[in-house]
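Chemist: Dropping the structure in here first, questions after.
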Amino acid sequence: MPSTFFGWVGFLAKQYGGLFLRGTANTLLIAITGTILGFLIGLLVAIARTIQLGPKASAWKRVPVKILHAVLGVYIEVFRGTPMIVQAMVIYYGALQYLGLDMPRLVAAIFIVSINTGAYMAEIIRGGIISIDKGQTEAAHSIGLTHWQTMVSVVLPQAIRNIMPSIGNEFVVNIKDSSVLNVISVTELFFQAKSATGAYFRYFETYFIIALIYLTLTFSITRILRLIEKKMDGPENYVIHGSQSDSHAAIAVHEEGNNGTCD
């Protein structure tokens, strides 16, 4: 048996490497799928919560909208106001006890992360929508676009760029928070670490390895997301077509072409 700290780290990494890799794969699957589905849920909720009716709208339109806003408000408050570990216990064991629904644990994990993320994403996206100048929305409505068309074509492309850092932050949080799903025996990274510690009772060395894996995941994802943000910003130097800079650029290209020709 190893006699030093790093000796144990190397031994455990070699002994349980496959176990840790499977846990890492499940953690990434839960985080990626949960974030994407949560974003879609949050997107729909945010668009619905930004529906505004004019003062002349009839009661049969106002009442459903108010009910919808109330229901979505409750959803957001409940899932933002309770820990994910409690939500996992209530949803998984509640469905089993009262509905007789024995969900596969990985499916349950993705469902729990998705609806939890959706509540946070709804407020993030709503904040991004609000940050866009109202004049753009009014202009879109003035040319006959519906609320949905205005959101999709005008507001959301700008809002999503503004909230990209927050979306990335939710993804990183989901990678870490997936560890709480071990309470329903989901075989993610933290659960696999608990299994590995049972053989040699080397808790510190095992969780040191797990901490390094989590750090590597979050660090890599953060850098990838920053590259995506820069890509969405576009080039720093660009030509506005139809402007004087466009004309100057065209003249410069023409002159270069003439200088390169030979009689």
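Chemist: Suppose we filter region 12-64 for residues that are within 27 Å of residue 142 (Cβ to Cβ) and among the polar types (S, T, N, Q); how many remain?
Modeler: Count: 3.
The rows are residues; the columns are (1) open to solvent by 50 Å² or more (accessible area, probe 1.4 Å); (2) part of a helix (DSSP H, G or I); (3) modelled with pLDDT under 90; (4) under 22 Å from residue 232 (Cα atoms).
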| site | (1), (2), (3), (4) |
| --- | --- |
| 138 | yes, yes, yes, no |
| 157 | yes, yes, yes, yes |
| 198 | no, yes, yes, no |
| 209 | no, yes, no, no |
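Chemist: What is the one condition in (1) in a helix (DSSP H, G or I); (2) closer than 27 Å to residue 69 by Cα that residue 145 does not satisfy?
Modeler: Status for residue 145: all satisfied but (1).
Chemist: Residues to consider are 238, 203, 214; find the one that is open to solvent by 40 Å² or more (accessible area, probe 1.4 Å), more than 29 Å from residue 46 (Cβ to Cβ) and modelled with pLDDT of 90 or more.
Modeler: That would be 203, the only listed residue that is open to solvent by 40 Å² or more (accessible area, probe 1.4 Å), more than 29 Å from residue 46 (Cβ to Cβ) and modelled with pLDDT of 90 or more.
Chemist: Look at region 1-49 and say how many of its residues are hydrophobic (A, V, I, L, M, F, W, C) and closer than 21 Å to residue 170 by Cβ.
Modeler: Adding up the residues that qualify gives 17.
Chemist: Among all residue pairs at least 6 apart or on different chains, which show Cβ distances below 7 Å where the first residue, located in region 196-224, is without any contact (Cβ under 8 Å) to a residue 12 or more places away in the chain and the second is open to solvent by 40 Å² or more (accessible area, probe 1.4 Å)?
Modeler: So the pair list comes out as 197/203.
Chemist: Name the pairs: first residue in region 1-20 and at pLDDT 90 or above, second residue surrounded by 11 or more Cβ atoms within 10 Å (Cβ to Cβ) and among the hydroxyl-bearing types (Ser, Thr, Tyr), Cβ to Cβ under 6 Å, at least 6 apart or on different chains?
Modeler: 12/206
Chemist: With the structure loaded, tell me whether residue 167 is under 30 Å from residue 138 (Cα atoms), within 13 Å of the chain's Cα centre (by Cα), not in a loop (DSSP other than H, G, I, E, B) and not charged (D, E, K, R) or whether it fails that test.
Modeler: So residue 167 passes the test.
Chemist: Among the helices (runs of 4 or more DSSP H) lying completely within region 13-132, list those that include at least 2 residues that are open to solvent by 40 Å² or more (accessible area, probe 1.4 Å) and closer than 19 Å to residue 165 by Cα. Before the answer, list the steps.
Modeler: Numbers: elements: 17-49, 59-81, 84-98, 105-131.
Answer list for region 13-132: 17-49, 105-131.
Chemist: Right, next: Please work out if residue 182 is surrounded by fewer than 18 Cβ atoms within 10 Å (Cβ to Cβ) and out of contact with any Pro (no Cβ under 9 Å at 6 or more places or on another chain).
Modeler: Values: surrounded by fewer than 18 Cβ atoms within 10 Å (Cβ to Cβ): no; out of contact with any Pro (no Cβ under 9 Å at 6 or more places or on another chain): yes.
So residue 182 does not fit the description; no.
The values are calculated or read from the model by the stated rules, or taken from the named source; none is laboratory data. Worth saying up front: this structure is predicted, and the values here are computed from it rather than measured. Because the Cβ atoms are built from the backbone with ideal geometry, glycine has one as well, and the counts that use them run over all protein chains shown. The accessibility values were calculated without ligands, DNA or RNA, using every heavy atom of the protein model including side chains. Shrake-Rupley method; radii C 1.70, N 1.55, O 1.52, S 1.80 Å.
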